[in-house]
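Participant: This structure is in structure tokens; I'll ask about it shortly.
Read-outs: derived from the displayed coordinates by stated rules, not from any lab. As the structure is a computational prediction, the values presented were derived from the model and not from experiment. Reconstructed Cβ throughout: ideal geometry from the backbone, glycine too, with neighbour counts over all protein chains shown.
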């Protein structure tokens with residue numbers, strides 16, 4: 001192994017399989033492909049069920065063995081930092097706190113990043129649960145959250161903890177080359193959804209809202225891009241609502257194929273029940289698309305109602321239908337709205353910002369923040 005390679009600190013990134021259809025997988029890929037890889041050695045350690053095909057017995061076995069495998073990986077690789085990517089849900093939180101404990105028992109710094117879920121809902125009202133969560137959230141050396149709302153909630157629960165706000169980011173270059181969609185009279189409003197086909201993404205409500213809007217003579221269509229467990233039931237719902245001529249399923253799309261589908265759309269629709277900071281939102285906005293979204297997770301930090309699109313309450317079919325009608329009636333303004341979306345992401349949620357944020361955070365966890373000169377990369381300011 002060349003000396004320059006050995007001199008770079010090793011960061012062990014815990015999360016789902018890299019090719020899983022998941023926001024956390026997208027985040028891990030973004031880190032690994034970024035200039036951070038010139039400054040640190042980034043290794044992935046798979047945890048979680050996403051991207052796996054296992055039954056109940058396999059899941060139990062994995063949960064029992066995974067901490068042991070992590071212990072062995074830490075002893076073998078000697079990472080400087082364990083970067084755990086998690087969510088505030090019943091399964092992931094308790095599982096991932098074991099990984100944090102494994103890191104601490106081995107003397108490894110632990111960075112705990114929360115990608116989804118609301119702490120206020122996860123806490124509940126019981127004093128015992130609140131006390132337990134406070135103690136567990138004190139275990140990591142630093143906690144990273146995606147939204148202002150979660151930053152405030154975590155600081156209120158564990159005020160002594162080091163908590164940082166680092167939003168997700170994307171490589172904006174491929175999206176900025178797409179031309180802004182221009183208004184053409186007589187053309188239907190083209191909606192696009194990007195992501196997993198899951199109930200909590202609000203897709204059933206979106207289909208119901210589209211049916212209502214079309215019953216009001218609103219000329220609108222929807223392209224659903226993604227894959228997931230709900231695909232068959234969603235197609236049945238399309239048939240039941242008599243939307244077969246208005247809804248298309250494009251399957252999972254990546255790279256040029258995804259850019260092509262985005263280029264044909266007027267509006268990105270993402271009416272989720274809960275979110276962290278969805279990559280689909282950043283990609284759609286960077287492509288210059290107005291958005292129809294719910295004010296959950298970090299979305300209100302990114303989207304200003306009336307400037308970047310329309311915010312509607314989760315699960316509100318009537319509000320969604322009305323918003324579709326409003327967007328269709330104001331298509332001439334969508335180019336301006338899309339331009340504002342593109343500017344927002346290009347200036348605040350670009351990869352350079354993410355690299356700077358995590359470089360500073362990683363350096364702060366190292367015994368000495370000063371790295372050898374040959375380990376630095378030109379893209380990162382010292």
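Participant: Could you compute the FRET efficiency for residue 307 and residue 18, with r as their C-beta to C-beta distance and R0 at 35 Å, rounded to 0.05? Please list the in-between numbers first.
Facilitator: Values: r = 35 Å, r/R0 = 0.99.
It comes out at approximately 0.50.
Participant: Along each of its three principal axes, how wide is the spread of alpha-carbon positions in region 155-196, in whole angstrom units, largest first?
Facilitator: Computed over region 155-196, the largest-to-smallest principal extents equal 58, 23, 21 Å.
Participant: Subtracting the Cα-Cα distance from 0.36 nm times the residue separation, let me have the gained length for residue 65 to residue 104 in nm, one decimal.
Facilitator: Working: separation 39, 0.36 × 39 = 14.04 nm, distance 1.82 nm.
Full extension from residue 65 to residue 104 adds 12.2 nm.
Participant: Now, a different point. Work out how much length residue 240 to residue 162 would gain on full extension: take 0.36 nm times their residue separation and subtract the Cα-Cα distance, in nm to one decimal. Let's see the in-between values first.
Facilitator: Numbers: separation 78, 0.36 × 78 = 28.08 nm, distance 5.09 nm.
Extending this stretch completely gives an extra 23.0 nm.
Participant: To continue, here is another question. In nm, what is the difference between 0.36 nm times the number of residues separating residue 333 and residue 72 and their Cα-Cα distance? Working shown, then result.
Facilitator: Numbers: separation 261, 0.36 × 261 = 93.96 nm, distance 5.70 nm.
The span from residue 333 to residue 72 would gain 88.3 nm if fully extended.
Participant: Between residue 122 and residue 326, what is the label-to-label distance in nm when each label sits 7 Å out along the Cα-to-Cβ direction?
Facilitator: Placing both labels 7 Å beyond Cα along the Cβ direction yields 3.2 nm.
Participant: Please report, largest first and rounded to whole Å, the three semi-axes of the ellipsoid equivalent to the chain, where each semi-axis is the square root of five times an eigenvalue of the C-alpha gyration tensor. Could the numbers behind the result be given before it?
Facilitator: Working: eigenvalues 289, 113, 74 Å².
The three semi-axes for the chain are 38, 24, 19 Å.
Participant: Rounded to the nearest 500 deg cm²/dmol, what is the calculated helix-only ellipticity per residue at 222 nm for the chain, with -39500 (n - 2.57) per DSSP H run of length n ≥ 4?
Facilitator: Values: 17 runs with 174 residues, N = 382.
It comes out at -13500 deg cm²/dmol, rounded to the nearest 500.
Participant: Go ahead and run the numbers for FRET between residue 357 and residue 215, Cβ-Cβ distance against an R0 of 35 Å, rounding to 0.05.
Facilitator: Details: r = 47 Å, r/R0 = 1.34.
Once rounded, the FRET efficiency stands at 0.15.
Participant: Once both labels are modelled 7 Å past Cα along the beta-carbon direction, what's the residue 43-residue 152 spacing in nm?
Facilitator: Once both label points are built, they end up 4.1 nm from each other.
Participant: Suppose R0 equals 25 Å; then what is the FRET efficiency for residue 176 and residue 233 from their Cβ-Cβ distance, rounded to the nearest 0.05?
Facilitator: Details: r = 36 Å, r/R0 = 1.46.
E between residue 176 and residue 233, to the nearest 0.05, is 0.10.
Participant: What are the semi-axes of the equivalent ellipsoid for region 173-347, taken as the square roots of 5 times the Cα gyration tensor eigenvalues, largest first, in whole Å?
Facilitator: On the way: eigenvalues 94, 63, 53 Å².
Three semi-axes, in Å: 22, 18, 16.
Participant: Moving to a separate point now. Which of these, 44, 83, 308, has the largest mean-square fluctuation under a Gaussian network model of the chain (Cα springs below 10 Å)?
Facilitator: Judging by the Gaussian network model, the answer is 44.
Participant: Let me ask you something else. Write down, largest first, the equivalent ellipsoid semi-axes of region 258-358 in whole Å, where each equals the square root of 5 times an eigenvalue of the alpha-carbon gyration tensor.
Facilitator: Semi-axes, largest first: 22, 17, 11 Å.
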